[in-house]
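Taken together, the values in this text are just the output of simple stated rules run on the coordinates, not laboratory data. Bear in mind the structure is a predicted one, so any value in this text is a computation, not a measurement. So basically every Cβ, Gly included, is an ideal-geometry build from the backbone, and we count neighbours across all protein chains shown.
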Amino acid sequence: MENASGIPSALSYSLNTLQGTSFNSFELAPSTGASSVSPNGQIRFMLPNVGLLDMKTSKMTFSVTTTSTVGCRLPAHTDTLFSRLEVKAGGITIYAGSNFHGILENIKYNMGTKTACGVTGHKDVLDCGDAAGEYIGGVSVSESYASGLGAVNNLFSVDLGDMAQIQPRLLDVSLIPSLEIIFTVADKNVLASMKQANLGLAANGATIVHANASTADFSITNPRMYVNMYSLASGAYQQAIRSRMSDVGYLSLCYDSNLCFNSTFTGSSRFSLSAMSLKRLTSVFRKTSATNVQGLIPIVGHAKDNAATKGATYGILGSSLLNSAGIAEYQVAIQQTCLPTSDPAHGATPNTSAFAKYDGTAPCNLQYKIQSAQVPQYFAGVEQQAELTKLAYNVDEFGKAKVMPQYLQNYHAFAVPLELPSSPYDKKTISGLNTNSTNAFIELTSNGSNVDTNGNYEVLVFATIDTILRVGEGKAIEVLN
């Protein structure tokens, strides 16, 4: 479609002008006042009520302390340390989130729609060196930031999840009731507890759970919210949006919400949903044993071992560059999402020949049903699970998985798109499936002789929906899902 002038943007010399722009950043202490928050505790911030708030770049920073003598390791991505994010306006919930916020954010990293900062995002699981440069590879030594650089400065940050992508990006907070951001700290099972880092797969190595893993614990220390604010001195922008509010009756802000449906997987999972615009369905499977603190899980393809009987963990991604016992990359158990198979068994460990060695003769196929309509029109094998998932997230390649066994063993997800495809710079279009009038029943089903139906996996199905926040005169708000 041509633009209004018929001239391509690459040839256009026109400029937009807004004068009197100013910027500042503000530090906010938690309204709860606590300087250290334990698992399942809450951290609350009241945001400023004047100015243009940049939701994308406003973040909470913090440091972390762990139990010092049980080989604790933090998970990849700081978002995993939080189980829920809520946003309220004048006490009214405008973003409810779910109890699986950390898992949802990890899916975004795995898909490549979100990238982690290696400086403040704790991008990887760290084995022998921590985020402040200290050596932590000894027996039972934990990753903790109670002293050194982490004691005088915050080392990590998290953004506002789905709300960071609100459109428009700058929110005039003077138009809405006071905003409150609530982070809920995750359970301690987001940690790993291992014997020793630099022995890799050896008998007392990183993949072996510490004998006192049940005592592993952590706390979020010195949380601070940094909000980035803009203002326009001329007042022209404020006049324009108030004029639109007067003409139309309201302003509309749009953002994603993700509803999560969680159950033990026995071959299928069923739930009902009513939504104005259902954009995407995403399913991930976790081993039920992940509810306990464990040793580290190796990422397939980053290890070397002399035993020829070992599975696909070894020899795929340049492992010859490592020493004979080395593991290049890990994840914590709570982050591992697998295809729910009988072979390899759910209990296969890195020290067994079954780990990540998938049965080539037995399928594990997946399919959704929406009001009995099949999506896709066939049971998807592993290759179509990957291709449909990339389509649903509008990416050409996954952000994390590099080879098929790695996708199946460490970063598996199965998603289908239910909205029109878009380009990054397209104007927001709401085109998802409308189920408001039907309260649609949705089912995830499977077939194939390699499906594990014995309750060894739990399934989390995320339904991504468009949410509209309507803002009217007198700071009146209405949330539409």
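Observations on the structure shown:
- Using Cβ point charges alone (K and R +1, D and E -1), the dipole size of the chain about the Cα centre works out to roughly 200 debye.
- The chain: DSSP helices with Cα axial extent of at least 24 Å and average Kyte-Doolittle hydropathy no lower than 1.0: none
- Taking Cβ atoms as reference points and 12 Å as the exclusive limit, the residues near PHE398 contribute a net charge of +1, counting Lys and Arg as +1 and Asp and Glu as -1.
- The shape of region 1-130 comes out prolate: with a ≥ b ≥ c from the C-alpha gyration tensor, a/c is at least 1.5 and a/b beats b/c.
- Couplings for region 185-192, taken from phi via the Karplus curve 6.51 cos²θ - 1.76 cosθ + 1.60 with θ = phi - 60°, read 6, 6, 5, 5, 6, 6, 8, 10 Hz in order; Gly and Pro are left as x.
- Shape of the chain, Cα gyration tensor, a/c cut at 1.5: oblate
- Computed E for VAL248/LEU391 - FRET, C-beta separation, R0 41 angstrom, nearest 0.05: 0.75
- Counted charge near ILE477, where neighbours are those whose Cβ lies closer than 14 Å (Asp, Glu -1; Lys, Arg +1): -1
- Peptides 268-276, 460-468, 423-431 ranked from most to least packed give 460-468, 268-276, 423-431, packing being the mean of other C-beta atoms within 10 angstrom over each peptide's residues.
- When you count the other C-beta atoms within 10 angstrom of each residue and take the mean per peptide, 64-73, 375-384 line up highest first as 64-73, 375-384.
- Farthest positive-ward along the chain dipole, Cα basis, beta-carbon charges - from SER231, GLY133, TYR457: SER231
- Only Lys, Arg (+1) and Asp, Glu (-1) charged, at Cβ; region 400-475 dipole about Cα centre in debye: 340
- Listed peptides 79-90, 106-117 by packing density, highest first (mean Cβ within 10 Å): 79-90, 106-117
- Region 62-142 - Rg over Rh from alpha carbon coordinates, Kirkwood radius: 1.07
- Here the contact order of the chain, divided by its residue count and restricted to Cα pairs under 8 Å and six or more residues apart, works out to 22 percent.
- Here's how it looks for ALA76: its modeled amide H is under 5 Å from those of VAL125, VAL332, which are all 5 or more places away or on a different chain.
- In this Cβ point-charge picture (+1 for Lys and Arg, -1 for Asp and Glu), region 129-272 has a dipole of about 180 debye about its Cα centre.
- Formal net charge of residues neighbouring TYR237 (Cβ-Cβ distance under 15 Å; K, R +1; D, E -1): +1
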